[in-house]
Amino acid sequence: MTLKFLLPVCAILVLAAWIGPVPTQSNHPKIAFRTVSVDGLTLFYREAGDPSKPAILLLHGFPSTSHMYGNLMTDLADRYHLIAPDYPGFGNSSLPAPDAFAYSFDHLATVMNDFIQALNLKKIALYMQDYGGPVGFRLASEHPENISALIIQNANAYNEGLGEGFSKIMKMQQAGDRKGVDAILRHIISFDGIKEQYIGGAGDATHIPPEAWLTDLFYIQRPGVADIQSALFYDYHNNLDKYSQWQRYFQDHQPPALILWGQNDPIFTAPGANAYSKDLPNAEVHLLNGGHFALVEYSSEMAGYIKAFLSEKGIK
């Protein structure tokens with residue numbers, strides 16, 4: 001072979017060695033991206049796993065969307081049926097204006113209950129983070145027969161878990177200081193505010209991918225979304241009045257509960273994780289060296305805890 005033809009051949013061989021072998025078809029679980037019409041709204045949701053297997057409904061936090069569950073869904077899809085919706089006003093779901101849709105946690109829970117019925121989900125474990133808590137606890141306490149287990153990650157149901165800054169906001173809401181609350185919210189949904197919620201308290205901030213907060217920022221910055229978030233955020237203090245109702249649900253029904261908590265979270269603090277044991281003495285509690293969005297940093301570890309927990313409870 002002449003040098004003229006040998007050089008291109010060598011170049012191809014070097015490139016192939018650097019790239020590696022051509023990938024074959026992967027058996028890695030895939031996520032489907034779907035929509036369904038519920039209460040006159042188009043709700044977007046992610047779905048993975050076999051529908052014949054036990055279902056887990058993943059309820060996202062603020063200011064995030066169902067995208068926060070991508071890695072966890074692929075980690076669990078070999079054993080479970082995973083469904084992660086975007087609430088109205090979030091992500092890829094409908095964005096009705098506040099004058100056309102009541103943005104309250106009561107209303108979000110009603111829509112999510114209708115979403116569950118639309119997908120014909122009969123028995124579900126609830127994974128709840130942040131806003132997912134007040135939505136999910138309403139679902140669980142109103143329909144306890146539909147709940148197989150609770151997986152609670154930095155989602156509060158006790159006064160002990162309210163961080164100092166968050167308690168201040170709740171008092172401002174209860175006092176009717178809408179202007180003051182909106183000023184705080186504008187920072188929370190800014191680039192710096194969203195980023196801080198992800199890296200604040202992280203065990204190692206280099207393990208938090210920038211796409212996490214940049215994706216949230218993209219959705220939040222769309223026209224009209226700030227007004228939507230303001231309406232819902234201002235309703236949050238009404239959740240505190242529901243704490244006693246949710247605690248009675250824990251006491252009366254004793255649902256299997258797995259508590260996974262970023263212990264450095266300044267919003268919902270570690271005492272809030274341990275407080276569940278008062279009413280759920282058999283709850284399994286794990287405090288991780290992370291912050292509010294600890295799932296981003298510890299997705300594989302949390303998947304392991306979830307598989308072991310649900311298997312122990314016979315949900316498999």
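The values are calculated or read from the model by the stated rules, or taken from the named source; none is laboratory data. Predicted, not measured: the structure shown is a model, and the values here were computed from it. Backbone-built Cβ (ideal geometry, glycine too); neighbour counts: all protein chains shown.
A few remarks follow.
- Qualifying residue in region 98-109 (condition: in contact with a strand residue (DSSP E or B) (Cβ under 6 Å, 6 or more places away or on another chain) and crowded, with 22+ Cβ neighbours inside 10 Å): no
- Verdict on residue 269 being at pLDDT 95 or above and more than 22 Å from residue 135 (Cβ to Cβ): no
- Every residue from region 265-316 that is in a strand (DSSP E or B) and touching a Gly at 6+ places or on another chain (Cβ under 9 Å): 268, 287, 288
- Taking the criterion of being of a type in the set (Gly, Ala, Ser) and in a loop (DSSP other than H, G, I, E, B), the residues of region 54-80 that qualify are 61, 64, 77.
Yes or no, residue by residue, for (1) at pLDDT below 95; (2) closer than 29 Å to residue 116 by Cβ; (3) among the β-branched types (Val, Ile, Thr); (4) touching a helix residue (DSSP H, G or I) at 6+ places or on another chain (Cβ under 6 Å):
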{"residue": "150", "(1), (2), (3), (4)": "no, yes, no, no"}
{"residue": "179", "(1), (2), (3), (4)": "yes, no, no, no"}
{"residue": "204", "(1), (2), (3), (4)": "no, no, no, no"}
{"residue": "208", "(1), (2), (3), (4)": "no, no, yes, yes"}
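- Neighbours by Cβ (under 8 Å, 6+ apart or cross-chain): first from region 95-107, closer than 12 Å to residue 238 by Cα; second among the charged types (D, E, K, R): 104/235; 105/138; 105/235; 106/138
- Residue within region 243-253 that is farther than 18 Å from residue 165 by Cβ, at pLDDT 95 or above and part of a loop (DSSP other than H, G, I, E, B) present: no
- Test: residue in region 43-53 that is over 17 Å from the mean Cα position of the chain (by Cα) and assigned to a strand (DSSP E or B): no
- Check on residue 149, closer than 20 Å to residue 247 by Cα, in contact (Cβ under 8 Å) with a residue 24 or more places away in the chain and either out of contact with any Gly (no Cβ under 9 Å at 6 or more places or on another chain) or charged (D, E, K, R) (or both): yes
- Look at region 220-246: where a residue is over 17 Å from residue 103 (Cα atoms) and without any contact (Cβ under 8 Å) to a residue 60 or more places away in the chain and a partner is of a type in the set (A, V, I, L, M) and part of a loop (DSSP other than H, G, I, E, B), sitting 6+ places away or on another chain with Cβ atoms under 9 Å, you get 221/189.
- Looking at 160, 164, just one residue is farther than 30 Å from residue 50 by Cα, touching a helix residue (DSSP H, G or I) at 6+ places or on another chain (Cβ under 6 Å) and surrounded by fewer than 22 Cβ atoms within 10 Å (Cβ to Cβ), and that residue is 160.
- Filter pass, residue 297 being among the acidic types (Asp, Glu) and surrounded by fewer than 19 Cβ atoms within 10 Å (Cβ to Cβ): no
- Here the condition is being over 22 Å from residue 68 (Cβ atoms), assigned to a helix (DSSP H, G or I) and touching a Ser or Thr at 6+ places or on another chain (Cβ under 9 Å); of 145, 160, it holds for 160 alone.
- Neighbours by Cβ (under 7 Å, 6+ apart or cross-chain): first from region 270-299, of a type in the set (A, V, I, L, M, F, W, C); second surrounded by 18 or more Cβ atoms within 10 Å (Cβ to Cβ) and in a loop (DSSP other than H, G, I, E, B): 270/263; 275/158; 287/263; 288/263; 288/298; 294/154; 296/208
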